[in-house]
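Visitor: This is the structure I have questions about; it appears just below.
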Amino acid sequence: MRIPNSVCLVLLAALPFAAAAADHEVLVGQGGNTFQPNFLEIRAGDTVTFRQVAGFHNVATLAGAVTAFRCGPNGCDGVGSGNGEPGGGVWSQTVAFPTMGTIDYLCDVHGQVMSGSIVVNPVPVTLQKFEID
Ligand SMILES: [Cu+2]
C-alpha cells in the first residue's frame, strides 16, 4: 500500500452558490387589510412582488430598514418618477432585497393592523472542489 509522502491541498474553493434569484409574491388587500403571507423568508438577491388585489393600500418600510421602500399604484419612491402613495385598484410592484436582515413594513393607511416582515437570509456557500494528492 502506497502512503503518500506528501499531502498536497490542490484546490479549496468556496464559491457562492450560483442559485438563480427567486421572486416571491405578497398579496395586498386579499380579503381585507392584509398582506398574505405577512411573513416571508427569502435569500439575499431575491425579489418580492407586492400585488394589490383589492382595497386602498401601499407598502412602506419602517424607519431604519436595511432595504427601504415605499410602493403603491404609482410606483415606488425614488424609482424613476414613481411615488409610493397609497391607492386603489389592482397593481403590483417588485422590490429587490440584496442585503441580509429583517425588514418590517406596513400599509400607511392601515398601520400596524396591516403589516408584515421579510427575513433576508444569506446565500448559502457551497464547496465547489476539494482535491488531495
Ligand atoms: Cu392598507
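The values are calculated or read from the model by the stated rules, or taken from the named source; none is laboratory data. This is a predicted model, so every value here is computed, not measured. All Cβ positions, even for glycine, are placed from backbone atoms using ideal geometry, and neighbour counts span all protein chains on display. The protein model used for the area step is the full one, side chains on, heavy atoms only, and it has no ligands, DNA or RNA in it. Shrake-Rupley method; radii C 1.70, N 1.55, O 1.52, S 1.80 Å.
Visitor: Condition first: aliphatic (A, V, I, L, M), away from the ligand (no atom under 12 Å from the Cβ) and modelled with pLDDT of 95 or more. Now tell me which residues in the range 19-28 satisfy that.
Guide: Here is the first cut: in the range 19-28, the ones aliphatic (A, V, I, L, M) are 19-22, 26-28.
So of that shortlist, the ones also away from the ligand (no atom under 12 Å from the Cβ) come out as 19-22, 26-27.
Scanning the range 19-28 gives Ala22, Val26, Leu27.
Visitor: A further question follows. Filter the range 91-121 down to residues that are farther than 16 Å from Val48 by Cα and aliphatic (A, V, I, L, M), then give me how many there are.
Guide: First, the residues of the range 91-121 that are farther than 16 Å from Val48 by Cα: 108-114.
Subset that is aliphatic (A, V, I, L, M): 109, 113-114.
Total meeting the criteria: 3.
Visitor: Let me ask something else about it. So for the range 113-130 (the condition being in contact (Cβ under 8 Å) with a residue 24 or more places away in the chain, open to solvent by 60 Å² or more (accessible area, probe 1.4 Å) and under 12 Å from the mean Cα position of the chain (by Cα)), does at least one residue qualify? Spell out how you get there, then give the answer.
Guide: Let us first name the residues in the range 113-130 that are in contact (Cβ under 8 Å) with a residue 24 or more places away in the chain, namely 113-130.
Subset that is open to solvent by 60 Å² or more (accessible area, probe 1.4 Å): 113, 122, 125, 127-130.
Retained after the next criterion (residues that are under 12 Å from the mean Cα position of the chain (by Cα)): 122.
For the range 113-130, residues in contact (Cβ under 8 Å) with a residue 24 or more places away in the chain, open to solvent by 60 Å² or more (accessible area, probe 1.4 Å) and under 12 Å from the mean Cα position of the chain (by Cα): present.
Visitor: Moving to a separate point now. How about the range 20-70: which of its residues are of a type in the set (A, V, I, L, M, F, W, C) and under 10 Å from the mean Cα position of the chain (by Cα)? Lay out the reasoning, then the answer.
Guide: Our first condition is that a residue be of a type in the set (A, V, I, L, M, F, W, C); within the range 20-70, this holds for 20-22, 26-28, 35, 39-40, 42, 44, 48, 50, 53-54, 56, 59-60, 62-63, 65-66, 68-69.
Result: Ala21, Ala22, Leu40, Ile42, Ala44, Val48.
Visitor: When only residues in the range 84-133 that are among the acidic types (Asp, Glu) and in a loop (DSSP other than H, G, I, E, B) count, which is farthest from Phe35 (Cα to Cα)? Don't jump to the end; show me each part of the working.
Guide: Here is the first cut: in the range 84-133, the ones among the acidic types (Asp, Glu) are 85, 104, 108, 131, 133.
Filter again for in a loop (DSSP other than H, G, I, E, B), leaving 85, 108, 133.
Numbers: Glu85: 17, Asp108: 13, Asp133: 55 Å.
Across the range 84-133, the extreme among qualifying residues is Asp133.
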